[in-house]
Every structure is written in C-alpha cells, then in structure tokens.
Amino acid sequence: MSDTRIVAIANQKGGVGKTTTAINLGAAIAEAGHKVAIVDLDPQGNASTGLGIPPELRKLTAYDLLSGEYDLTEALQETPVKNLSIVPSTPDLASADLELSSRANRTQLLRKKLHSKPDLDFILIDCPPALGLLTLNAMVAANSILVPLQAEFYALEGLSQLLMTVREVRQAANPDLRIEGVLLTMSDSRNNLSQQVEADARNTLAGLVYRTVIPRNVRLSEAPSHAMPVLQYDPHSKGSAAYRELAQEFLARQLATA
Ligand code: ADP
Ligand code: MG
C-alpha cells in the first residue's frame, strides 16, 4: 500500500457537481503544493476536456488502464495546472461495464493500478453518474468517497442508496472505505428550498457535511469551455474562493484522520 490518498468523487445522479469538484478541488490542492492526479472514470470525458485534453490528445485512457497491461504512471498526462495530472477518458470506457463483467477480479482492476506506489499525494477519481462497475472499481480502489450533493428536493433520497452501496463494498472488498465528506453544491442563498435541503443534510449527516458550501457561480460553469479550472480562468471569482476554502478544509481533515 502506498501513502497516496485515493478519493472517489461519487454520486449516481448526474449534474450534481462531481466533475466540477474533481477539477477545481484538484486544482486547489495542487495550488497548495500537493501532487495530485485525477482519474477520469466517466466515458463522457468532461474532466479531460475541462482540463485541456481534447479527444485527439488523449493517449492512454482510463479504459486502457482498466483493461490493459499499462500502469498508472504510463497513463498519466500533464495538464495546464502545475502539480496536476490526469488519466483521461474516452467514450470506449462505456463498454467497459460489459466487457469486464466476466472477469473474476472485475471490481479490483482499478485498485491494482492505483496502489502501485505512485509519486502522488492525492488521486481524485471522477466517477460516472451510475452505480455500475466503474463506480464500484472506484469505491474498491479508494480510501474514501466524497459525495457532492446538489441542494434540491430529492438530494437526500439518492444518498441512502449510495450509502448502501458503500456498506456493500465495505463488506465485500474494502473494509476501510470511509466517507470523506458530503459537499453541498450549486447552493443559492436566496432560495428557500436550497436552504432547507442544506439544513436537512446537516441535521441528518452532522459532521460529514463540509462547512464549506459551493455557491452557484457562472464562472464555474464557464471555465470548462476555456479548458481550465476556475482558479485559472477567474482566480477572484466566488467559485475560486469556494474551492480554495474547500481545499483547506479537505486538507485539515486529512491531518485529523492521518
Ligand atoms: P456531474 O459531474 O455530477 O455530472 P458537473 O460537475 O458536470 O456534474 O456539473 C453539471 C453542470 O453544472 C455543468 O454544466 C457545470 O458546469 C455546472 N456547475 C457545476 N457546479 C456549479 C456551480 N457551483 N455553479 C454553477 N454551475 C455549476
Ligand atoms: Mg461528471
């Protein structure tokens, strides 16, 4: 086992801020001086695009890593952000579920590759919006999972299903899997429902919920089309401030649980 901390960013719902968090928390931790890699485990490849790796420049991909003989170091590509690298993904990753499902060690494929003592402080896995084989591979490989939660009515319902999967993974394959934290995203302080969901989440999940809340901020949604994290696109935006604050809280929790 290496000392690299592996964090799966997971929620089976799409559009809750997984990729935005992978890119911008990753960039903020890297900015703080840590060596970070993102594994883009979503066939849509949004993290790859958002970090400036267009499809034609994706060499080895998460699909190659899972299905082939390549190791992590070979598959990592540099990004425009210092200290931040990525294993990009391509649409062929969508077929991995089916292709790999007959292998005996099908949920252990990523774990084997990520536990190769890489020279990294953190690996963030950007999971697809499903609880299929890819997300299971991420949960089996990870030390912990970080769950972005969009402040809307059904947010907490989906969470119980996710937590059930975490319990199953603990029993079957990865007894040490922790919940890193629950992150409230796209919050709107003028919206009553948003405030109510936040209050409910803090009541139900107590200390698991990050003090930092990510506000809805248009700069965060614009940054990917400029192929860079918001920290580079608009360093003084509310989105940048929020992800920097999250990075500090995240790093403080690492010390507390080390
Ligand atoms: P997921 O990876 O969970 O599907 P994304 O991170 O791709 O979710 O976010 C979904 C959409 O919402 C994207 O278009 C993204 O740019 C936008 N978005 C995410 N977080 C915010 C935010 N805090 N403020 C504004 N837009 C956001
Ligand atoms: Mg995504």
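The values are calculated or read from the model by the stated rules, or taken from the named source; none is laboratory data. Only a predicted model underlies this, so the values are computations on that prediction, with no experimental measurement involved. Here the Cβ positions follow ideal geometry from the backbone for every residue, glycine too, while neighbour counts run over all protein chains shown.
Here are Asp97, Asp92, Asp119: which of them is closer than 18 Å to Val7 by Cα, away from ligand 1 (no atom under 16 Å from the Cβ), modelled with pLDDT under 95 and not aromatic (Phe, Trp, Tyr)? Break it down stepwise before answering.
On the way: Asp97 fails: closer than 18 Å to Val7 by Cα; Asp92 fails: closer than 18 Å to Val7 by Cα.
Result: Asp119 is the single residue among Asp97, Asp92, Asp119 that is closer than 18 Å to Val7 by Cα, away from ligand 1 (no atom under 16 Å from the Cβ), modelled with pLDDT under 95 and not aromatic (Phe, Trp, Tyr).
So for segment 219-234 (the condition being at pLDDT 95 or above, in contact with a strand residue (DSSP E or B) (Cβ under 7 Å, 6 or more places away or on another chain) and within 28 Å of Glu157 (Cα to Cα)), does at least one residue qualify?
no
State whether one or more residues within segment 132-140 are modelled with pLDDT under 95, out of contact with any strand residue (DSSP E or B) (no Cβ under 9 Å at 6 or more places or on another chain) and within 16 Å of ligand 2 (Cβ to nearest atom).
Yes, the conditions are met somewhere in segment 132-140.
Just one of the numbered conditions (1) away from ligand 2 (no atom under 16 Å from the Cβ); (2) β-branched (Val, Ile, Thr); (3) crowded, with 19+ Cβ neighbours inside 10 Å is not true of Thr165; which one?
Going through (1) away from ligand 2 (no atom under 16 Å from the Cβ); (2) β-branched (Val, Ile, Thr); (3) crowded, with 19+ Cβ neighbours inside 10 Å one by one, Thr165 breaks only (3).
Just wondering, is there one or more residues in segment 68-79 that are modelled with pLDDT of 95 or more, within 12 Å of ligand 2 (Cβ to nearest atom) and surrounded by 24 or more Cβ atoms within 10 Å (Cβ to Cβ)?
no
For segment 206-224, enumerate the residues that are closer than 21 Å to Glu249 by Cα and without any contact (Cβ under 8 Å) to a residue 24 or more places away in the chain.
Of everything in segment 206-224, those that are closer than 21 Å to Glu249 by Cα and without any contact (Cβ under 8 Å) to a residue 24 or more places away in the chain turn out to be Ala206, Gly207.
Within the bounds of segment 86-97, is there any residue that is on the phi > 0 side of the Ramachandran plot and away from ligand 2 (no atom under 15 Å from the Cβ)? It would help to see each step written out before you state the result.
Step one: filter segment 86-97 for residues on the phi > 0 side of the Ramachandran plot, giving none.
No, the conditions are met nowhere in segment 86-97.
Residues in segment 194-253 that are of a type in the set (Lys, Arg), within 27 Å of Ser48 (Cβ to Cβ) and either over 20 Å from the mean Cα position of the chain (by Cα) or in a helix (DSSP H, G or I) (or both): how many?
So the count comes out to 3.
Of the residues in segment 168-200, how many are closer than 18 Å to Leu136 by Cα, among the aliphatic types (A, V, I, L, M) and surrounded by 15 or more Cβ atoms within 10 Å (Cβ to Cβ)?
So the count comes out to 3.
Within segment 99-121, identify whether any single residue is over 23 Å from Gly26 (Cβ atoms) and touching a residue at least 60 places away in the same chain (Cβ under 8 Å), and answer yes or no.
Within segment 99-121, one or more residues are over 23 Å from Gly26 (Cβ atoms) and touching a residue at least 60 places away in the same chain (Cβ under 8 Å).
Quick one: count up the residues across segment 214-250 that are surrounded by fewer than 17 Cβ atoms within 10 Å (Cβ to Cβ) and closer than 16 Å to Phe122 by Cα.
Total meeting the criteria: 2.
Please give the number of the condition Asp64 fails out of (1) without any contact (Cβ under 8 Å) to a residue 24 or more places away in the chain; (2) not in a helix (DSSP H, G or I).
Just one mismatch for Asp64, condition (2).
Which ones in segment 9-47 are away from ligand 2 (no atom under 13 Å from the Cβ) and within 19 Å of Lys113 (Cα to Cα)?
Those that are away from ligand 2 (no atom under 13 Å from the Cβ) and within 19 Å of Lys113 (Cα to Cα): Lys35, Val36, Ala37.
Mind telling me which of the residues Ser48, Ser67 ends up being of a type outside the set (Lys, Arg), more than 15 Å from Asp121 (Cα to Cα) and away from ligand 1 (no atom under 16 Å from the Cβ)?
Of the residues listed, the single one that is of a type outside the set (Lys, Arg), more than 15 Å from Asp121 (Cα to Cα) and away from ligand 1 (no atom under 16 Å from the Cβ) is Ser67.
List pairs: first in segment 35-57 and within 15 Å of Leu76 (Cα to Cα), second within 13 Å of ligand 1 (Cβ to nearest atom) and among the charged types (D, E, K, R), Cβ under 8 Å, 6+ apart or cross-chain?
Every condition considered, the pairs that remain are Ile38/Asp126; Val39/Asp126; Asp40/Asp126; Leu41/Asp126; Ala47/Asp40; Ala47/Asp126; Ser48/Asp40.
Which of the residues spanning segment 13-45 are within 13 Å of ligand 1 (Cβ to nearest atom), under 12 Å from the mean Cα position of the chain (by Cα) and not in a helix (DSSP H, G or I)?
Val16, Gly17, Ile38, Asp40, Leu41, Asp42
Quick check on Ala227: is it touching a residue at least 40 places away in the same chain (Cβ under 8 Å) and in contact with a Leu (Cβ under 8 Å, 6 or more places away or on another chain)?
yes
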